[in-house]
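In what follows, a single structure is set out as structure tokens and then discussed.
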Amino acid sequence: MEKVDVIIIGAGIAGITTAYYLQKNFPKLHYKIIESRSDLGGTWDQMIFPGVRSDSDMYTYGFSFNPWQGSIIGQGADIKKYLVDTAEKFGIKQHILFNTRVSSLNWADHQWTTQTKDISYTSNHVICCTGSRDYRSANFPKFEGEHLYQGKIVHTQDWGNEDFKNKHVAIIGSGCTAVTMTPAIVDQAKSVTLIQRSPAWIINVDSQEKSSRFYKTFETIFDYFYSRAFKKFYKKKIIAKYSYYDHTNVPSYNFWDQRPACSLDNDYFNSVNLDKVSVEHQGISHWETTGLKLNNGKIIHSDLTIMATGLNAQLLGGIDIFVDEKKINLNDTSWYRGMMFSGIPNLFAHTGYINFSWTARCEIVSQRICRTLQYMGKKNLVSCVPKYIGKKSEPAIEANYVLRSMDKFPNRTYKFNNANYLFEYISFKWTRINDGALTFK
Ligand SMILES: Cc1cc2nc3c(=O)[nH]c(=O)nc-3n(C[C@H](O)[C@H](O)[C@H](O)COP(=O)(O)OP(=O)(O)OC[C@H]3O[C@@H](n4cnc5c(N)ncnc54)[C@H](O)[C@@H]3O)c2cc1C
């Protein structure tokens, strides 16, 4: 069994950010990153479907300590390269143990034991940078008669090297993935049919836009609160701006009930105007041998059906957590500042914003973790655990993946505001570590 000071699990944006701030604040600290994939990047290593790109602007999605140099929206492969370059530039890559999945974490005698198939580590602290998604199982809606369908079905999360050239393609889903994928495949596909229950809110971004991290932070947050405060007015404003919307084509939910998708240089809006692209706003009844039958009786013939149907939320990478031999059910805990859980000592975890760049939260959480470790070091403390306090958890956003996963999240939250970066920025940086919600030993 190897002993280190800190174990980081996951080598995506959160893992890289955490490692950067740990190194900066504790140059002598011995840490290890354990990653189940064969390369770093997390989401940006796994997501390789055509058109994959960021929805956030890269001024805020890039690291503040290594600003992004490309255009305002990052393409998936470029983001992956940027993450690899960042990890190499700051000497982080050499700390990563690849192809190793953590199966369980056990807290006993004031230390963690991290268990993988071949090796285990002990450490004082564990930082979970495992993302918010079940990597091994995406959301795959089931319709009757799937075995009859003679075409191919693929989920965007498990994209291989699917051939869509000269094929009739159906895409199920209306979110960010469907919106970015459609323009990326439309030239080569024979036809593309988008099947969606409701259209999504989509905004256009100009790829040539130049801005700054500071401006984009305030603009994004202002836009979010403005659209929530004046829901009807904002809806009207968007409908008036884009000819894509008319009285028959309006999302069934309010702007920002779900994360809006982004079209780049009008690529999505131009694609749906092509003759070979059609959009069906209908539920699906069942599979046929040649495609899908919609609730209105129409059959959509396809050679390839793409599930752009999103993810299954998962916290802490599906790892079994034991505290003094008792298995923890996260649904019985309180989520302290969206970075720790009641009853689980010395374990930190990252999650992102619903309305702002994920990276921005990873940075402030990493800094708060470092401040907590400094505080514990100064006072000679061995453990720190949040109390079970706070208010009942509410869905942060009306997105389906959140609604269907509420029983996997903590049932209480304390000082966690995942819609307000500015509030958290101030609170994380300038409030006391011993804020009354933590018990130290
Ligand atoms: C297509 C797409 C576009 C997106 N665009 C944006 C955007 O524009 N803006 C935004 O803010 N967010 C966006 N997101 C959300 C995105 O997931 C986050 O921005 C961010 O990449 C998450 O980083 P992370 O490091 O926290 O987690 P991840 O990138 O999910 O990385 C987690 C890592 O942990 C590893 N891991 C998990 N469990 C274990 C285990 N048990 N043992 C070992 N390793 C484990 C995984 O293999 C993975 O490498 C997007 C997501 C997708 C899918």
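Values quoted throughout were computed directly from the atomic coordinates according to the rules given, and no laboratory measurement underlies them. These figures come from a predicted structure and were not determined experimentally. Cβ placement follows ideal geometry from the backbone for every residue including glycine, while neighbour counts extend to all protein chains displayed.
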Practice prompt. Return one number: the angle in degrees, 0 to 90 and rounded to the nearest 10, between the long axis of the Cα atoms of helix 176-185 and the longest principal axis of the Cα atoms of the chain.
Written response: 50
Worksheet, complete the sentence: Computed over the range 139-242, the Cα gyration tensor eigenvalues, each multiplied by 5 and square-rooted, give semi-axes in Å (largest first) of 34, 18, 14
Item to complete: Given the options I72, I238, I33, state which has the largest fluctuation in a GNM of the chain using a 10 Å cut-off (strictly under) for Cα springs.
Response: I238
Worksheet entry | Label point distance in nm, F214-N331, each placed 7 Å from Cα along Cα→Cβ | 4.7
Fill in: Potential lengthening between L29 and D85 on full extension [0.36 nm per residue; Cα-Cα distance subtracted]
17.9 nm
Fill in: Efficiency of FRET from Cβ geometry, N296 and D223, R₀ 35 Å, rounded to 0.05
0.45
Response to the item:
Note, the range 398-404: 3J(HN,Hα) by Karplus (6.51, -1.76, 1.60, θ = phi - 60°), whole Hz, Gly/Pro = x, goes 7, 5, 4, 5, 7, 4, 7
Worksheet item: Computed FRET efficiency, Cβ-Cβ of T431 and F98, R0 60 Å: what is it to the nearest 0.05?
Response: 0.95
Fill in: In sequence order, calculated HN-Hα J values of the range 425-441 (Karplus, 6.51, -1.76, 1.60; Hz; x Gly/Pro)
4, 5, 5, 5, 7, 10, 9, 5, 5, 7, 9, x, 9, 10, 10, 9, 10
Worksheet, complete the sentence: Asserting the computed 222 nm helical MRE of the chain (DSSP H runs at least 4 long, -39500 (n - 2.57) per run, divided by residue count, to nearest 500) equals -7500 deg cm²/dmol
Discussion item. If amide hydrogens are placed 1.01 Å from N in the peptide plane, which non-local residues have theirs closer than 5 Å to the one on T439?
Written reply: V385, K387
Item to complete: With a 10 Å radius around each residue's Cβ, average the other Cβ atoms per peptide and rank 36-44, 173-181, highest first.
Response: 173-181, 36-44
Practice prompt. Any chance you could run the full-extension gain for Q188 through K408? It's 0.36 nm times the residue separation minus the Cα-Cα distance, nm to one decimal.
Written response: 75.1 nm
Worksheet item: Exactly which GluC sites (Glu not before Pro) in the range 315-404 are in a DSSP loop and have at most 16 other Cβ atoms within 10 Å?
Response: E325, E398
Practice prompt. Sort out for me the Cα centre separation of the range 101-170 from the range 384-441, rounded to whole Å.
Written response: 25
Worksheet item: What residues have an amide H closer than 5 Å to that of I48, excluding those fewer than 5 places away on the same chain, when H is modeled at 1.01 Å from N in the peptide plane?
Response: W159
Response to the item:
Amide H proximity to G62 below 5 Å, modelled H, separation 5+ or other chain, gives W68
Worksheet item: So if R0 is 45 Å, what FRET efficiency would R197 and L381 give, r being the distance between their Cβ atoms, rounded to the nearest 0.05?
Response: 0.30
Response to the item:
Along the range 338-344, Karplus-curve 3J(HN,Hα) (6.51, -1.76, 1.60; θ = phi - 60°) to the nearest Hz, with x for Gly and Pro, reads x, 9, 8, 10, 4, x, 10
